[in-house]
Amino acid sequence: MRVVVYGAGQLAQMMYLAGSPLGIEVQAVDVNNDSVVHPVSKTPLDTTLAQALESADALTVEFEHVPERLLDEAAKTGKLMPDIASILVGADRVREKKLLDSMQVPNCEHRIVTHPDQLADCVDALGDKLILKASRDGYDGYGQWRLTDKADLPKLTQAMSQLNLAEVPLVVEKMMAFDRELSLIGVRNKQGDIRTYPLAENLHHQGQLHVSVAPATQVDDELQRKAHDIFVKLAEGMDYVGVLAVELFQCGDTLLVNELAPRVHNSGHWTQSGAVTSQFENHLRAVCGLPLGDTSAIGPSAMVNIIGCSSFSRELLSIDGSHLHWYGKSVREKRKMGHINVTAKSYVELGEKLEQLGQFLPLSFFPKLVDEAQRLK
Ligand code: ATP
Ligand code: MG
Ligand code: MG
């Protein structure tokens, strides 16, 4: 079987690695030049995009910001999974909010802003602690602005008048004082079968995911059930096929959906060694119409992102249950270079292993690691 992935980054690479044992060949499309490349070496394959689409059993995406012209072309084949509407929901926060509201899925209180003068109304309606998000092309906290003091409103309004809000509106959200950030990774296959993974707890730094712990601590059956139900409602409502990531804010026993990612997700990387079946394998199974794999966790695990740094000792592999996943990219500030998965028999042991990990890494690049190690211990 063959799956073509739009996007040639680390997610396509990890799908390729997961597909090999199943005999599923993964090819990647470099959307910058429409070429078909090997997902690991990134070298061009001896096939045109048209030929690759023709010979594929399924087409999918590794990121939601694929040019619409390519998505249209893919959709015409009838093989694009998830479908174009689901991908565009992930690519456009206005569509995303409309979908969540129409399905009555709880999310952060918000307004859509198409003119800078409307920001004053947002302050009246939502208060003076706001987060402004460009409706398109934002990720890792890029394309976001914060208002923390009403006195800064004129300055912010002025800054927003430099953008074309009529074309790319803002979603303005009330800044939530949530207890913590969780995510639910789930999968639905072509036949409509659904499985969800245990909730992961995600620690962010400067708008970027740094550490995930899964299964999240202090999750009772009811909270997991609530998250599962949100997933089922969304996936069935969208007639979704593939892995869908749901980012959540936990406020007491309420779960608010922050955003959706119509693809395999960074907060699901722990599944590579922490779950019976990885999110990458399950995504491929789903789009190929195969039975889904067990999503149970094997034990407590953590995923640590390596961000903007490449100088660390591979000796970290001496920690039992640790695995390095390196993406082979050139170093850039704030760029995700790779990640480390660690599994343990208990949360205390996981904390100890994260602490050990800290001895092999330049800690200025890993601000969340030490705190999390201490918390778990
Ligand atoms: P990603 O890389 O996950 O796609 P993104 O750039 O699309 O990120 P969001 O996930 O919307 O952006 O926001 C990034 C982070 O900012 C969140 O994980 C959360 O820590 C914080 N954040 C976002 N919205 C709110 C909110 N309404 N209230 C408080 N914090 C928020
Ligand atoms: Mg996002
Ligand atoms: Mg996010």
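Values quoted throughout were computed directly from the atomic coordinates according to the rules given, and no laboratory measurement underlies them. Model, not experiment: these values are computed from the prediction. All Cβ positions, even for glycine, are placed from backbone atoms using ideal geometry, and neighbour counts span all protein chains on display.
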Residue 80 long-range amide H proximity, modeled H, under 5 Å: 59
Descending semi-axes in whole angstrom, ellipsoid equivalent of region 238-350, from the Cα gyration tensor: 25, 18, 17
Centroid-to-centroid separation of region 298-365 and region 19-35 [C-alpha atoms, Å]: 27 Å
Using distinct alpha-carbon pairs, which all enter the 1/r mean, Kirkwood radius of region 2-80 in Å: 12.1 Å
Rounded to the nearest 20 debye, dipole of region 180-376 from Cβ charges on Lys, Arg, Asp, Glu: 700 debye
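Using Cβ counts within 10 Å as a stand-in for footprinting exposure, how do 298, 230 rank, fewest first?
Result, fewest neighbours first: 298, 230.
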Rg over Rh, two decimals, region 138-198 (C-alpha only, Kirkwood Rh): 1.17
Separation of alpha-carbon centers, region 74-152 and region 205-267, rounded to whole Å: 17 Å
Cut-off of 10 Å, at most 15 other beta carbons, DSSP loop: longest stretch of the chain lacking such GluC sites (Glu not before Pro): 168-332
Extension reserve of the residue 42-residue 311 stretch, reckoned as 0.36 nm per residue once the Cα distance is removed: 94.5 nm
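For the chain, what number results from the quotient of the Cα radius of gyration and 2.2 N^0.38 Å?
Dividing the Cα radius of gyration by 2.2 N^0.38 Å gives 0.98.
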Nonlocal amide H pairs with residue 27, under 5 Å, H built at 1.01 Å: 3, 4, 5
Karplus-derived HN-Hα couplings along region 91-96 (A = 6.51, B = -1.76, C = 1.60, θ = phi - 60°), whole Hz, x at Gly and Pro: 8, 9, 5, 5, 4, 4
Where chymotrypsin sites (Phe, Trp or Tyr not before Pro) in DSSP loops with at most 15 other Cβ within 10 Å are excluded, longest remaining stretch of the chain: 143-377
If the convex hull is drawn through the Cα atoms of region 180-376, its volume per residue in Å³: 115 Å³
Antiparallel %, DSSP beta bridges [both residues in region 2-80], to 5: 30 percent
Compactness of region 109-174 as Cα Rg over 2.2 N^0.38 Å, two decimals: 0.98
Structure-based [θ]222 nm, the chain - -39500 (n - 2.57) summed over DSSP H runs of at least 4, per residue, nearest 500: -8500 deg cm²/dmol
Members of 233/336; 233/334; 345/377; 98/233 lying beyond 24 Å, as alpha-carbon distances in this model show: 233/336; 233/334
Percent RCO, i.e. relative contact order, over the chain, from Cα pairs under 8 Å lying at least 6 residues apart: 13 percent
